[in-house]
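Below is one structure, written out as structure tokens; comments come after it.
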Amino acid sequence: MKAIMLMFDSLNKHMLSAYGSDAAITPNFQRLKEKTVRFNHFYVGSMPCMPARRELHTGRYNFLHRSWSPLEPFDDSMPEILKKHGIHTHLVTDHKHYWRDGGATYHSRYTTYEFIRGQEGDAWKGVVDKPQYQYESGEPEEIKQRRITSRTQHQINVRFMANEEDHHLARTINSGLEFISTNHAADNWFLQLECFDPHEPFFVPEKYLRMYGIEDPSVFDGWPPYYFVTESEERQSIIRKYYKALLTMVDEYVGKVLDHMDHYDLWKDTLLIVNTDHGFLLGEHEWWGKNIMPLYNEVANIPFFIWHPQCGGAGESRQALAQTIDIPATILDYFGLDKPADMQGHSLKPAIVDDTPVRDFALFGYHGCHVNITDGRYVYMRSPVVRGIDHLFEYTLMPTRINRRFTPKELQGMTLHPGFTFTKGCQVMKIPAESVMTRDADRFGHRLYDVIKDPQQEQLCQDINIAGRLFTAMERELLAADAPDELWSRYGFSGHRSPLLGCDPGLLPEYSRYSPEIRYGMVCLHQYLESHELSLVAQKLKQQAQADWHRENLWQFVLDEVPAEQHQSVFYKMALEMRLN
């Protein structure tokens, strides 16, 4: 038995012809659809990159206990389980995060592995006379400097990729094809062929850019902003065209994998999965990228294709709800192996056979931000009700972040925690969380969407009964995952861990009488005032605000009550939030 998982990063389902879109040129994804079973309600679990990959190994939610994380000593790893049962596992990837502190324990779980260098500012080519990258933003200085370093290194790396065959996507796929060609006649192997594209930077050979009318490749540097949309329509169109061009290149190389499946007749005995870790916003909801905003379906509802040679179903689609944590259980089941006791995911085989449901709900989110749940029709986003980063911790024996170790200062507040059901009797470090994303994580409020009636998620659904049902299901899912105790108060769940009736699907209860735009603005302004020792002004805001206030009323309040030197900063923050009604 053989299996191939062809994985991409930031693959937007809503741009693929296989899901009914004509936005980009993707004939090989259409060909893939005709060869496999397509899932329509497949969701992320933990976000973003390495949290998703931890789930691909463990089949267990990561985001309730940890943010970005290596594999822990107590984690069960699907590729390692295969390896221990005599199945050769091979990883080919250009995903640079495996090389960094926050991902350093993944690649060694495989029997063999290959890393393709040069993606997204990978510290690859050592050129001392580095070009200077100009980058202005209002981000914290640490983040700004990290971005400058990454983009400067990217400028160096691409000097060594003058031709398409030098491109990291081409080198990655070709290395995977080499493994397939070498081992197609052998048995008992699993290939994880993982490409970082179409993740930014959108570095695209000119022939693909020309397909979208881009004749001058220098009109955009390939780095979309991770922020709300401020660009002109023309500039937005250019950024989208770069993503589409890179997506068309990805499609070209999907075709090469399908060619190998055809050439060696692997369809008869090889499991094929084509998936991604998450999607990507390209101006929808007035946002670029991911990370800050709510997890809209452009990011959370992802493409998933699977060919199971024992089940058939080529060209068919499935409505069964599924998500990332179900992938390792499916692969283990395919090889006839039992899943570990700590694995929360389910084998998708029943859904592949005849669309039998394998789960009623899917939980997903970022650590410390919204906890989200879906039943396939409705998506409920539960906001923190405790502001700031108090009452939030990371639980780990591997204290590293995305690109660094925890600092001594961060570890000074560490205590020992007796552990959880999945830590196999190990105590773990309980470390106060510190993250730009979790600060003011309540600013977007609770949200409920009907994604069947409103697939673009443009209008909040106000059905209190549906919100209550999903809220209760969310509590059950947190109990099943042995979620940390502090999450119950952070998200306003029952102190006794029982269903809480009458939950509010609006923003925050105390602001329910205001219009959506004013609610966002008032929450943002109130938080700003409290954090800048302007509590008396914050009290005055609550006293003076009227249910019929408009944007102009809030603006005038700031002009009248907030020190003049702070006007620019507070107007900027409010404008950011009030664009999201």
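Out of G445, G425, one residue alone is in a loop (DSSP other than H, G, I, E, B), touching a Gly at 6+ places or on another chain (Cβ under 8 Å) and under 20 Å from D485 (Cβ atoms). It is G425.
Taking the stretch 209-222, which residues are in a helix (DSSP H, G or I) and surrounded by fewer than 18 Cβ atoms within 10 Å (Cβ to Cβ)? R210, P217, S218, V219, listed by residue number. Residues in the stretch 470-484 that are of a type in the set (D, E), assigned to a helix (DSSP H, G or I) and touching a residue at least 40 places away in the same chain (Cβ under 8 Å): E477 only. So Y243 clears everything in (1) in contact with a helix residue (DSSP H, G or I) (Cβ under 8 Å, 6 or more places away or on another chain); (2) at pLDDT below 95 except one condition, right? Which one? Y243 satisfies all of (1) in contact with a helix residue (DSSP H, G or I) (Cβ under 8 Å, 6 or more places away or on another chain); (2) at pLDDT below 95 except (2).
Of the set (1) touching a Pro at 6+ places or on another chain (Cβ under 6 Å); (2) of a type in the set (V, I, T); (3) under 20 Å from L91 (Cβ atoms), all apply to T270 but (1).
Could you say whether any residue in the stretch 192-202 is more than 24 Å from F160 (Cβ to Cβ) and in the same structural domain as H97 (by TED's automatic domain parsing)? Yes, that holds for at least one residue. Looking across the stretch 344-368, the residues that are touching a Leu at 6+ places or on another chain (Cβ under 8 Å), in a loop (DSSP other than H, G, I, E, B) and closer than 19 Å to P51 by Cα come down to Y366, H367, G368.
All of (1) of a type in the set (S, T, Y); (2) surrounded by fewer than 21 Cβ atoms within 10 Å (Cβ to Cβ); (3) over 28 Å from N188 (Cβ atoms) hold for Y296 with one exception: (2).
For residues that are of a type outside the set (A, V, I, L, M, F, W, C) and buried (at least 20 other Cβ atoms within 10 Å of the Cβ), tally how many sit in the stretch 299-325. Working first, answer last.
Let us first name the residues in the stretch 299-325 that are of a type outside the set (A, V, I, L, M, F, W, C), namely 301, 303, 308-310, 312-313, 315-319, 323-324.
In the following step, the residues that additionally are buried (at least 20 other Cβ atoms within 10 Å of the Cβ) were identified as 301, 303, 308, 318, 323-324.
Total meeting the criteria: 6.
The listed residues are P384, P340, P328, and the only one of them that is surrounded by 23 or more Cβ atoms within 10 Å (Cβ to Cβ) and not assigned by TED's automatic domain parsing to the domain that holds Q456 turns out to be P328. Please name all residue pairs, on different chains or six or more residues apart, with Cβ atoms under 9 Å, provided the first residue is in the stretch 170-186 and is closer than 26 Å to P205 by Cα and the second residue is among the acidic types (D, E) and surrounded by fewer than 17 Cβ atoms within 10 Å (Cβ to Cβ). Note: pairs meeting the criteria are A170/E164; R171/E165; N174/E165; L177/D259. The residue pairs whose first member lies in the stretch 547-571 and is within 14 Å of L529 (Cα to Cα), whose second member is outside any helix (DSSP H, G or I) and modelled with pLDDT of 90 or more, and whose beta carbons are closer than 6 Å, counting only pairs six or more residues apart or on different chains, are V570/V562.
Working carefully through the options E200, E206, find the one that is in contact with a Pro (Cβ under 6 Å, 6 or more places away or on another chain), buried (at least 16 other Cβ atoms within 10 Å of the Cβ) and at negative phi. Show your work before the answer.
On the way: E206 fails: buried (at least 16 other Cβ atoms within 10 Å of the Cβ).
Only one candidate passes the filter, namely E200.
Scanning the stretch 393-413 for residues that are in a loop (DSSP other than H, G, I, E, B) and closer than 20 Å to A483 by Cβ turns up L397, M398. For the stretch 52-70, indicate whether the set of residues that are in contact with a His (Cβ under 6 Å, 6 or more places away or on another chain), assigned by TED's automatic domain parsing to the domain that holds L332 and either surrounded by fewer than 23 Cβ atoms within 10 Å (Cβ to Cβ) or among the aliphatic types (A, V, I, L, M) (or both) is non-empty. No: zero hits.
Being closer than 24 Å to R146 by Cβ, touching a residue at least 12 places away in the same chain (Cβ under 8 Å), surrounded by fewer than 20 Cβ atoms within 10 Å (Cβ to Cβ) and not aliphatic (A, V, I, L, M) is true for just one of R377, R405. Which residue is that? Full working, then the answer.
On the way: R377 fails: closer than 24 Å to R146 by Cβ.
Going through R377, R405 in turn, just one is closer than 24 Å to R146 by Cβ, touching a residue at least 12 places away in the same chain (Cβ under 8 Å), surrounded by fewer than 20 Cβ atoms within 10 Å (Cβ to Cβ) and not aliphatic (A, V, I, L, M): R405.
Can we say A123 is in contact with a Lys or Arg (Cβ under 9 Å, 6 or more places away or on another chain), in contact (Cβ under 8 Å) with a residue 24 or more places away in the chain, farther than 22 Å from L295 by Cβ and outside the structural domain of R318 (by TED's automatic domain parsing)? Yes: the conditions hold for A123. Scanning the stretch 313-332 for residues that are in contact with a strand residue (DSSP E or B) (Cβ under 7 Å, 6 or more places away or on another chain), part of a strand (DSSP E or B) and among the small types (G, A, S) turns up at least one hit.
For P201, indicate whether it is more than 17 Å from L16 (Cα to Cα) and modelled with pLDDT of 95 or more. Let's see the steps before the verdict.
Details: more than 17 Å from L16 (Cα to Cα): yes; modelled with pLDDT of 95 or more: yes.
Yes: the conditions hold for P201.
The values are calculated or read from the model by the stated rules, or taken from the named source; none is laboratory data. Predicted, not measured: the structure shown is a model, and the values here were computed from it. Because the Cβ atoms are built from the backbone with ideal geometry, glycine has one as well, and the counts that use them run over all protein chains shown.
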